[in-house]
Amino acid sequence: MHPPLLRLALFLIASLPAMAAAATLASPDGQLTVEFHLNADHAPAYSIHRAKQLVLAESRLGLVRDDEDFSHGLTLVSASRVESVKDDYEILTAKRRQNHYRAQRQVFHLATAAGRKLDIIFQVSDDGVAFRYFFPETSPEVRTLKEETSSFHVVPGTLAWLQPMAVAKSGWKEVNPSYEEYYAKEIPASTPSTLGAGWVFPALFRSGDTWLLLSEGSLTRSDCGARLRHDSPDGDYAIGFPDARETIAGQPVNPASKLPWLLPWRIVAVGSLKTIAESTLGIDLAAKPALAVAGEIKPGKAAWSWPLMGDKETNYDVQKRFIDYAADMGWAYCLIDALWDVQIGDEKIKELADYAATKHIGLLLWYNSNGVENSAPQTPKDKLLTHENRVREFARLQAIGIRGLKVDFFAGDGRPVINYYLDLLEDAAPYGLLMNFHGATLPRGWQRTYPHLMTMESIRGLEFVTFEQKNADEEPTHAAMLPFTRNVFDPMDFTPVVLDRIRKIERRTTSAFELALAVLFTSGIQHYAEIPEGMAKMPGYVQDFMKHVPSIWDDTKFLDGYPGKFAVLARRGEGRWYVAGINAESAEKTLTLDLSALPAGTTGTLIADGGEGSLFAQKSVTLGADQKLTVTLKPHGGFVLLLK
């Protein structure tokens, strides 16, 4: 046979299984499989098995574009060969510094009756399944997605831990949605969303001994931020697009682009709860760094006055004192929050920046992102709305030595808002400004693509505890949700750790619970809420712990836990293992922890809740030959263990 004809014949033979009724793609270890097929309506569909057990039933695939329907009536033209995917990378703002992604990849090439083309790309790793869409044709016309029909059909009996999406333009000063609601915990799958606007990512499910975490990643300028829709009949959760009000200047919110067009990843992490808690899948799939960033990208810890002291203390004298506090604690940064422009002023801010430099402290400044999208009044405002204004402001900040910005109050998940985030990141990079977004959407892996993105809020953080008692009442269970949901893939600016007191609020967590959050929660810049007066009351060993807890984690291990009830993680940083645990329940809990997976010594120092009249107790521990440690956690209590 002529060589070109032979190659064609071999290709067609290799493609036959994929072009049949169903094609199966397995993870490198063979434990996860995804099955792709066209159903009776010639609509693309998929399902997922773990260890040959169905964990995601037949779920829909497809898109509806303004000029064509790619959700049914399709033909499978061909399927690519299965290829191995390998990616090794370093990231400083995640749970693990060095990461090694391995997956199997296959692309299914589809066409409509009119001949328009759609590719569906699947990748399966040992910890999950991901897919995305690609329009391979070329066209200068901008096309818009009217709908995405992708769904995640959980099996009967599945339970869910989900955060409701807030209704657009609701809440204080119309700032919603900003991913700041409490989770519905362990609810039956198919329960409608509590606020009527859907559920946010990441979304956690349990079926028997299998857990699933749904999310998305690699959003670009063509995309909006998606969510799960309000209704999920029979546990079939469909992708939804933003409310039309989640926009800037009335622009359309749906995805739109010229062709060719590559859409975001849809992510399903699958496995044990340990697999979920240790997964980096949302970062593994993120686009690689997109631009050069001037200066040093330095994760670190930050002092700031606002959470416990409020707006009025954003003044020169207090902020100078907090710079001293950060220096005394060995932290890298001090954040000066809202109203600095009117209560301190540009000239005095430069003085503070100069003073901070003598202490080797970087100053971070707060900005209001919005123009008219909501009515949040805090200033500085309207400084970042155009490229010209941003460049002028960023150049000025760089010149006076400012290290980063906290930008607050975004307008939702519409495509224009996604573009605004990217504008801020791209314009800040040449000036070496570290970025933090509040009142914001989920990062979705942007911290890898834009390494100067240190953190994002996207959570009902500690500031809410300071607002009213009912938030303090919720904090224990809320905090015990986050290692399994919001903080699994992305850095989270919860602003943790109040060791002393909150004015007019009765804390429900113990001080050891709060101390543990310094290890349990990851953020590129970790802003601690405790103030100098509160820190000064703590034992020297607690202060020392807060001075030296690492800002970059080399590894993370799940030791025990259950969403909303308790969590115990081990993290390695600066050559040591730190173990931290919290008990969200109102009863004492005794745990026997297996530390044999930690290549550490057999001795360490345990800091836990103290006895009557004492916030803390410290003791040395020695592990037995089995490397097990028994710890007792008080109600709403916690502990940290530093292994030598």
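Annotations
- If you check 503, 508, 486 for being among the basic types (Lys, Arg), within 22 Å of residue 281 (Cβ to Cβ) and either in contact with a helix residue (DSSP H, G or I) (Cβ under 6 Å, 6 or more places away or on another chain) or touching a residue at least 60 places away in the same chain (Cβ under 8 Å) (or both), only one passes: 486.
- Every condition in (1) in contact with a helix residue (DSSP H, G or I) (Cβ under 7 Å, 6 or more places away or on another chain); (2) assigned to a strand (DSSP E or B); (3) more than 28 Å from residue 251 (Cα to Cα) is met by residue 121 except one, and the failing one is (1).
- Residue list for the range 85-102, filter: out of contact with any helix residue (DSSP H, G or I) (no Cβ under 8 Å at 6 or more places or on another chain) and either assigned to a strand (DSSP E or B) or farther than 26 Å from residue 300 by Cα (or both): 85, 86, 88, 90, 98, 100, 102
- Exclusive hit being aliphatic (A, V, I, L, M), part of a loop (DSSP other than H, G, I, E, B) and at pLDDT 95 or above, set 625, 617, 587: 587
- Of the helices (runs of 4 or more DSSP H) lying entirely inside the range 429-481, those containing at least 3 residues that are in contact (Cβ under 8 Å) with a residue 60 or more places away in the chain, buried (at least 22 other Cβ atoms within 10 Å of the Cβ) and touching a strand residue (DSSP E or B) at 6+ places or on another chain (Cβ under 8 Å) span 446-449.
- Check on residue 350, charged (D, E, K, R), out of contact with any Phe, Trp or Tyr (no Cβ under 7 Å at 6 or more places or on another chain) and surrounded by 15 or more Cβ atoms within 10 Å (Cβ to Cβ): yes
- The listed residue being surrounded by fewer than 24 Cβ atoms within 10 Å (Cβ to Cβ) and either among the charged types (D, E, K, R) or free of Cβ contacts under 8 Å to residues at least 24 places away in the same chain (or both), out of 115, 157: 115
- Strands (runs of 3 or more DSSP E) within the range 235-292 that include 2 or more residues outside the structural domain of residue 449 (by TED's automatic domain parsing) and within 30 Å of residue 95 (Cβ to Cβ): 236-240, 265-271
- The range 250-267: number of residues that are surrounded by fewer than 17 Cβ atoms within 10 Å (Cβ to Cβ), in contact (Cβ under 8 Å) with a residue 12 or more places away in the chain and closer than 20 Å to residue 420 by Cβ: 2
- Residue among 76, 110, 61 that alone is under 28 Å from residue 146 (Cα atoms), surrounded by 14 or more Cβ atoms within 10 Å (Cβ to Cβ), under 27 Å from the mean Cα position of the chain (by Cα) and not small (Gly, Ala, Ser): 61
- Screening 221, 229 for residues that are of a type in the set (Lys, Arg), touching a helix residue (DSSP H, G or I) at 6+ places or on another chain (Cβ under 9 Å) and farther than 25 Å from residue 471 by Cβ leaves exactly one candidate, 221.
- Selection status of residue 411, surrounded by 24 or more Cβ atoms within 10 Å (Cβ to Cβ) and either without any contact (Cβ under 8 Å) to a residue 40 or more places away in the chain or more than 18 Å from the chain's Cα centre (by Cα) (or both): yes
- Check on residue 38, surrounded by 21 or more Cβ atoms within 10 Å (Cβ to Cβ), under 30 Å from residue 233 (Cβ atoms) and in the same structural domain as residue 233 (by TED's automatic domain parsing): no
- The residue that is nearest to residue 32 (Cα to Cα), counting only those in the range 49-79 that are in a strand (DSSP E or B) and among the polar types (S, T, N, Q), is 53.
- Taking (1) modelled with pLDDT of 95 or more; (2) more than 18 Å from residue 154 (Cα to Cα); (3) buried (at least 17 other Cβ atoms within 10 Å of the Cβ) in turn, residue 32 satisfies each apart from (2).
- Within the range 126-220, strands (runs of 3 or more DSSP E) holding 2 or more residues that are farther than 26 Å from residue 439 by Cα, acidic (Asp, Glu) and over 23 Å from the mean Cα position of the chain (by Cα): 128-148
- Members of the range 72-92 found to be farther than 25 Å from residue 448 by Cβ and among the aliphatic types (A, V, I, L, M), listed by number: 74, 76, 77, 79, 82
- The residue that is nearest to the chain's Cα centre (by Cα), counting only those in the range 581-626 that are among the hydroxyl-bearing types (Ser, Thr, Tyr), surrounded by 10 or more Cβ atoms within 10 Å (Cβ to Cβ) and within 20 Å of residue 548 (Cβ to Cβ), is 605.
- Any hit, the range 589-607, residues being out of contact with any strand residue (DSSP E or B) (no Cβ under 9 Å at 6 or more places or on another chain), assigned by TED's automatic domain parsing to the domain that holds residue 568 and over 21 Å from residue 567 (Cα atoms): no
The values are calculated or read from the model by the stated rules, or taken from the named source; none is laboratory data. Not measured: the values here are computed from a predicted model. Heads up, the Cβs are rebuilt from the backbone with ideal geometry, glycines too, and the neighbour counts pull from every protein chain shown.
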